[in-house]
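The values are calculated or read from the model by the stated rules, or taken from the named source; none is laboratory data. None of these values were measured; they are calculated from a predicted model. As a convention, Cβ positions derive from the backbone with ideal geometry for all residues, glycine included, and neighbour counts pool all protein chains shown. Accessible surface areas use protein heavy atoms only, side chains included; no ligands, DNA or RNA. Shrake-Rupley method; radii C 1.70, N 1.55, O 1.52, S 1.80 Å.
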Amino acid sequence: MFDWGTYNALNTLTKAAVLGMRLTEIPPRDFSRKTRGLDYFEAYRDFATKAFTTIIAHGPYYNLVSDHPEIAKRILKAMRAAVKKAAMAGASIFNVHLGWRVFMDDRDLEAVADMVKKMLEVAPENMYISLETTYTRRQIGSLDEIKSIIEMVGSDRVIPSVQLENMFMYETRIDQHGNFIQADKQVNKDFWLNVLRKTLEISKGYLSLRFSQVTGVYFGRRLLKKRTPLGKGYPSIQPLAEALAQFMVREVRDKGLSLKMHIIYTGPPETKYEDTIDLYASIMRRVVQYI
């Protein structure tokens with residue numbers, strides 16, 4: 001019912017498997033590096049399908065919207081190629097970062113929907129396309145916008161992928177004021193339960209969650225998030241872990257919902273294995289009181 005793990009290139013799959021992780025995510029750089037031939041993705045599938053219950057692919061970091069027709073064609077070609085490689089690697093979910101706004105109106109959402117439709121054309125029947133939530137209003141990807149895109153596409157195989165720290169930043173408007181400390185004081189278990197319930201409303205097949213603690217850095221007047229090791233950033237772990245534990249048992253398992261729930265740790269590579277285990281333990285220690 002609950003899968004957990006982190007991102008791995010082919011050469012780190014053994015480490016993740018030995019540590020008992022149940023899922024793995026192919027990182028975006030694997031789809032943009034020319035040295036990653038088809039044999040790489042076949043080898044990934046051969047190992048990962050034996051060691052993990054879920055394989056996820058994170059698409060390359062291309063903005064899905066462009067007002068330049070030739071660039072839009074190149075982006076579509078690259079994303080469709082990445083979907084095919086993800087399928088070859090055995091991925092059941094292809095996760096997409098939507099990128100920066102261009103038109104600043106509904107045309108951005110329509111362009112994303114058109115792109116996703118064309119990606120679905122080359123995706124196998126058992127693959128979901130997940131749309132990742134954003135942390136800033138300068139980008140496409142609020143939960144309401146993702147709901148609208150899903151409705152435009154009209155497929156049950158398009159789902160949200162909720163980057164939880166992004167929801168923290170977006171809902172507390174950190175992207176506008178930059179005060180992480182004050183924002184963290186606003187967030188409690190009920191805040192996270194509300195996020196999880198809104199996510200569940202538009203999820204099919206999988207309830208897909210991602211997490212890393214963060215701080216912020218300014219690039220000019222633009223606030224960018226910076227991932228930190230667990231315990232070194234925001235939001236606080238305790239209320240999130242409490243909400244995840246309660247939600248997982250009371251609102252997914254006890255109600256017999258026919259979907260799988262997972263959380264992917266997306267923090268810095270230097271500490272990602274220790275942090276993934278610590279995050280999982282923080283959640284599961286609290287699950288015990290509900291079962």
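Quick one: would you say Gln182 is polar (S, T, N, Q), within 26 Å of Lys147 (Cβ to Cβ), over 19 Å from the mean Cα position of the chain (by Cα) and modelled with pLDDT of 95 or more? Against the criterion (polar (S, T, N, Q), within 26 Å of Lys147 (Cβ to Cβ), over 19 Å from the mean Cα position of the chain (by Cα) and modelled with pLDDT of 95 or more), Gln182 does not qualify. Here is the figure for segment 140-155: residues that are crowded, with 22+ Cβ neighbours inside 10 Å and closer than 27 Å to Tyr218 by Cβ total 3.
Being within 20 Å of the chain's Cα centre (by Cα) and open to solvent by less than 10 Å² (accessible area, probe 1.4 Å) is a property that Ser208 has. On the stretch given as segment 245-280, residues that are within 21 Å of Gln163 (Cβ to Cβ) and in a helix (DSSP H, G or I) total 18.
Looking only at segment 1-33, residues that are among the charged types (D, E, K, R), more than 30 Å from Val249 (Cβ to Cβ) and open to solvent by less than 20 Å² (accessible area, probe 1.4 Å) come to 1 in all.
Glu42 fulfils the conditions (1) in contact (Cβ under 8 Å) with a residue 40 or more places away in the chain; (2) of a type outside the set (Val, Ile, Thr); (3) in contact with a strand residue (DSSP E or B) (Cβ under 8 Å, 6 or more places away or on another chain) except for a single criterion, (3). Of all residues in segment 236-291, those satisfying the criterion of being of a type in the set (D, E, K, R) and either touching a residue at least 12 places away in the same chain (Cβ under 8 Å) or more than 22 Å from Leu200 (Cβ to Cβ) (or both) are Glu242, Arg250, Glu251, Arg253, Lys260, Glu270, Lys272, Glu274, Asp275, Asp278, Arg285, Arg286. A search for C-beta distances below 7 Å between a residue of segment 222-233 that is over 10 Å from Gly267 (Cβ atoms) and open to solvent by 40 Å² or more (accessible area, probe 1.4 Å) and any residue that is of a type in the set (Val, Ile, Thr) and at pLDDT below 95, counting only pairs 6+ apart in sequence or on different chains, returns Leu224/Val217; Lys226/Val217. Residue count for segment 125-137 satisfying the condition of being surrounded by 14 or more Cβ atoms within 10 Å (Cβ to Cβ) and either over 13 Å from the mean Cα position of the chain (by Cα) or more than 15 Å from Ser208 (Cα to Cα) (or both): 3.
Of the residues making up segment 34-81, those that are in a loop (DSSP other than H, G, I, E, B) and surrounded by 13 or more Cβ atoms within 10 Å (Cβ to Cβ) are Arg36, Phe52, Thr53, Gly59, Pro60, Tyr62, Asn63, Leu64, Val65, Ser66. Against the criterion of being open to solvent by 60 Å² or more (accessible area, probe 1.4 Å), within 21 Å of Ser203 (Cβ to Cβ) and over 15 Å from the mean Cα position of the chain (by Cα), Asp114 does not qualify.
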